[in-house]
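Bear in mind that the values in this text are calculations on the coordinates, not laboratory data. What you are looking at is a predicted structure, and each value in this text was computed from that prediction instead of being measured. Reconstructed Cβ throughout: ideal geometry from the backbone, glycine too, with neighbour counts over all protein chains shown.
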Amino acid sequence: PTNRTTAERDIESLLHPYTNPIRHQEIGPLVIARGQGVRVFDDTGKDYIEGLAGLWCTALGWGEERLVAAAAEQMRTLPFYHLFGHKSHDPAIALGERLLALAPVPMARAFLTGSGSEANDTALKMIRYRANALGQPNKKKVIARDRAYHGVTIATSSLTGLAVNHRSFDLPDPAVLRAACPHYYRGGRPGESEEAFSTRLAEELEAMILAEGPETVAAFFAEPVMGAGGVVVPPADYFPKIQAVLDKYDILLVADEVICGFGRTGKMFGSETFGMRPDIMTMAKGLSSGYLPISALLINERVLAPIVAEAGRIGTFGHGYTYGGHPVSAAVAVETLKIYAERDILSHVAQVAPVLQDGLRGFANHPMVGEVRGIGLIAAVELVADKETKTPFDPSWGVGATLVARAQDHGLILRAMGDSIAFSPPLIITADEISEMLYRFALALADTAAWVAE
Ligand code: PLP
């Protein structure tokens, strides 16, 4: 049949990630046709401000011609090559050099991968390899936190601390130890200061390490700001206290910079914003502004040296992906990093972040707003049924999803994590565009409040 609608063709051809397939059949897809700047347009021509930069990634917005040109040129010159077995290519080398130069702590090598999940999966494999190299075959347990998001491969799903990624997948793997989420608003005890909260979390971490045996614990994974877990900004002294515990027991810190990397929190990396000294950093998303899939790990000497020794001994480092450091993706990433530097993206973020952060805090007195949190150009508004007692809405109401649907009506794309509404716009967003985004959010919040009141 030739008269099938786009919606019908979508429904009959695709199983969508992170989507309720039954509900999808009822409401159909929002088909995005093109984008320009901080806006995308659907197939009817309606415009939306992309309040989440797609999936926290399109830092330079849509329509950046320099990235198009970089991709086209590399496509013509060398559309594919790889890094296996002593082969190399210039875009990968240039990217490795740039990333090492940007690193906030001394890093020894870059390893190029294709997605955030692959980068974290690679980190897990490096941790095991290193432990074997060091003659510590039992020191392989890893710690990740409740509400963390580190990917969805069979291994990284277990690092991820969200039920939706575990239920019916027979996950998580019990070898992943779970630490508390540093969300003071939800996790702080009555009368406990933010500082005391951080101290308690560090003490709980130490107790867990001691109970497991420090000789069995290899690494701690952490996003500087948790993204998919609801945009959790840790207390300022949280990471320094956690770092002290990790140092004491010779445990590696893996900073998952997939969302926070490249300016999102106001510094080049979230690790700088929060005083982390990672041994491994994983990054993706903003690395290519989402224009092409690419991710990377930076590893320090402490990780590199045993890996080199072991690989030398057994003959090869037996890990790598066909598309790891793909030349077209790498060329686009190099160009992206050049643009961040030339346009001084960090200064721009410093300039406009208060418009977003103060603007959102302007909603803090709204009866449905429990907490507004954020830093740089990442933020969340958490909706609650009772402000005083912080009581959440009954999840079956879908209040967060309803707000997101109303925002879409008003031309604003946001994302709900439960009843926390996330903001992570393109980093190039202007103050005026932020004001417009906040205005559209205000309309959606009012609609949602009226719906809840019914
Ligand atoms: N780590 C973090 C912090 C993320 O936010 C994500 C994706 O949202 C990932 C890892 C996984 O990245 P990918 O979806 O590219 O596999």
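Neighbouring Cβ atoms within 10 Å as the yardstick, rank Asp256, Asp247, Asp419 fewest first.
Asp247, Asp419, Asp256
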### Task
Take the alpha carbon gyration tensor of region 67-342, find the square roots of its eigenvalues, order them as a ≥ b ≥ c, and report rounded if a/c is under 1.5; if not, report prolate when a/b exceeds b/c, else oblate.
prolate
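Rounded, prolate or oblate: which one fits region 17-163, using the alpha carbon gyration tensor with axes a ≥ b ≥ c (rounded when a/c is under 1.5, else prolate when a/b beats b/c, else oblate)?
On the way: a/c = 2.37, a/b = 1.29, b/c = 1.83.
It comes out oblate by the Cα gyration axes.
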### Task
Could you check how many percent of all C-alpha pairs in region 314-454 are farther apart than 23 Å?
47 percent
#### Entry: Gained length - Ala236 relative to Phe41, 0.36 nm times residue gap less alpha-carbon distance
66.3 nm
### Query
Cα centroid distance between region 10-67 and region 345-410, in Å?
21 Å
### Task
Obtain the nm distance between the two label points defined at Ser13 and Glu301 by a simple spin-label model: each point lies 7 Å from its Cα along the Cα-to-C-beta direction.
5.4 nm
### Task
Place the peptides 323-335, 172-184, 26-38 in order of packing, highest mean first, counting for every residue the other Cβ atoms within 10 Å and averaging per peptide.
323-335, 172-184, 26-38
### Query
Once Lys and Arg get +1 and Asp and Glu get -1 on their Cβ, which of Ala202, Gly286, Gly85 lies farthest toward the positive end of the dipole of region 67-342?
Gly85
### Message
At 7 Å along Cα-to-Cβ for each site, give me the label-to-label distance between Ser347 and Thr430 in nm.
### Response
1.8 nm
### Query
Using θ = phi - 60° and the Karplus form 6.51 cos²θ - 1.76 cosθ + 1.60, what ³J(HN,Hα) does each residue of region 262-275 get, whole Hz, x for Gly and Pro?
6, x, 4, 9, x, 10, 4, 10, x, 4, 6, 4, 10, x
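Going by a ≥ b ≥ c, the root eigenvalues of the Cα gyration tensor, does region 1-52 fall in the rounded group (a/c under 1.5), the prolate group (a/b larger than b/c) or the oblate group?
Working: a/c = 2.79, a/b = 1.48, b/c = 1.88.
Note, shape of region 1-52 comes out oblate.
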### Query
Tell me, how many Å apart are the Cα centres for region 273-311 and for region 147-181?
21 Å
## Note on the structure
Subtracting the Cα-Cα distance of Glu194 and Ala442 from 0.36 nm times their residue separation yields 86.3 nm
### Query
Which distance in nm do the two modelled labels at Val68 and Arg23 give, with both placed 7 Å along the Cα-to-Cβ direction?
3.5 nm
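Using the Cα centre of region 67-342 as the reference point, and only Cβ charges (+1 on K/R, -1 on D/E), how large is the resulting charge dipole? Debye, rounded to the nearest 20. Provide the component values of the computation, followed by the final result.
On the way: 26 positive and 28 negative charges, 80 e Å.
Roughly 380 debye, rounded to the nearest 20.
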#### Entry: Difference of contour (0.36 nm per residue) and Cα-Cα distance, Lys248 to Lys87
54.0 nm
## Note on the structure
Surrounding charge for Thr156, neighbours by C-beta under 12 angstrom, Lys/Arg +1, Asp/Glu -1, total -3
### Summary
Sequence order, region 377-393: Karplus ³J(HN,Hα) from phi using 6.51 cos²θ - 1.76 cosθ + 1.60, θ = phi - 60°, Hz rounded, Gly and Pro as x, gives 10, 9, 7, 8, 10, 9, 8, 9, 6, 9, 4, 4, 9, 6, 5, x, 5
### Task
Could you name the lysines whose alpha carbon sits less than 22 Å from that of Lys248, not counting residues in the same chain fewer than 8 places away?
Lys139, Lys140, Lys141
## Note on the structure
Fewest-first ordering of Met107, Met75 by Cβ atoms within 10 Å yields Met75, Met107
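For region 31-97, how big is Rg over Rh, using alpha carbon atoms and the Kirkwood form of Rh? Write down the numbers at each step before the final one.
Numbers: Rg = 16.3 Å, Rh = 14.4 Å.
Ratio of gyration radius to Kirkwood radius: 1.13.
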